[in-house]
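What follows draws every value from the coordinates through simple rules; no lab data is involved. Every value quoted in this text rests on a predicted model; they were computed, and no experiment measured them. When we count neighbours, we look across all protein chains shown, and the Cβ atoms used for this are built from the backbone with ideal geometry, even at glycine.
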Amino acid sequence: MIIDPADLDRREANGLINGLVTPRPIAWISSLAPDGARNLAPFSFFGAFSFDPPIIGVGPGSRRAVNKDSLRNIKATGEFVVNLVDRSLAERANASSAEFEPDVDEWLVAGVTPAVSDSVAPPRVQESPASLECRVSQIIELGTAAQPSNNLVVAWVVRVHVADAALDGLAPRPEVLDLVGRLGGDEWCTTRDRFTLPRPTGRDPSALATPSRSSHRIGLPR
Ligand SMILES: Cc1cc2nc3c(=O)[nH]c(=O)nc-3n(C[C@H](O)[C@H](O)[C@H](O)COP(=O)(O)O)c2cc1C
């Protein structure tokens, strides 16, 4: 089947793109309004685009043509924190995605603890296995005035927090981080089923890399 996305309505396009571009990591974004009101919400239009300089991108949208609070705060202050979500935090991150009245504090809904950030004003989630303090580089409007859509927020990572146990030297340990991702619809996934493929050297183009012995599956109750 070949699909022209222009033929799809918003719901269909959402289901198709979100169900195909998977798994997506989750940025649980902490931001502050100019008056200091704190905000916390998850976003899976999220990725890393460069490590030198360290740059991430995130795609918060609008609802009913009004910017979501996170986007409004990021535009106004230029700062936010991406908190990474492990399996133990998935339900709490999800709970914070509901459309609340502006006076509801999502930190209380999620039941997580604000910890002081090192170089930006928004707090980070203390329970997250890792958090990235971010400063905006540029914001690209992906919609039009007639049809507002997501914005692509491109940001420098100015500080990285990682739980000591999740690091082997400076190498993150995926089995300790236990991060989750988003699939289509309401489906999520863990990072517990991993395999290793050594990078090809280019010296033997016909050699097909085979999974190494370190491939494994961690059995967990479903
Ligand atoms: C796992 C997950 C991922 C999400 N990803 C996005 C996203 O990438 N972009 C977006 O606009 N909304 C996304 N949402 C919805 C927002 O979290 C939701 O609209 C939230 O209420 C926005 O909060 P805010 O208005 O406080 O910024 C996602 C929700 C969940 C549960």
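Brief remarks follow.
- Charging the Cβ of each Asp and Glu at -1 and of each Lys and Arg at +1, and nothing else, the dipole of the chain about its Cα centre rounds to 540 debye.
- Between I2 and D193, the simple spin-label model (points 7 angstrom out along Cα→Cβ) gives 3.2 nm.
- Here is the list for segment 77-168: GluC sites (Glu not before Pro) lying in DSSP coil, each with at most 15 other C-beta atoms within 10 angstrom of its C-beta, are E99.
- Comparing Cα centroids, segment 144-165 and segment 29-79 end up 5 angstrom apart.
- Largest first and in whole Å, the equivalent-ellipsoid semi-axes of segment 101-174 read 28, 19, 12, each the square root of five times a Cα gyration tensor eigenvalue.
- Computed E for V109/A171 - FRET, C-beta separation, R0 30 angstrom, nearest 0.05: 0.30
- Highest-first packing order for the peptide set 41-49, 1-9 is 41-49, 1-9, based on the mean count of other beta carbon atoms within 10 Å.
- Between D164 and L152, the contour length at 0.36 nm per residue exceeds the alpha carbon distance by 1.2 nm.
- Globularity index of segment 5-194 is 1.00 (Cα radius of gyration / 2.2 N^0.38 Å, N = number of residues).
- Computed FRET value (nearest 0.05) for Q138 with A207, which takes r as the C-beta separation and R₀ as 35 Å: 0.25
- Within segment 40-109, all pairs of alpha-carbon atoms sorted by distance into 10 Å bins from zero give the percentages 17, 49, 30, 5.
- Spin-label model, Q126/F100: points 7 Å from Cα along the beta carbon direction are separated by 1.8 nm.
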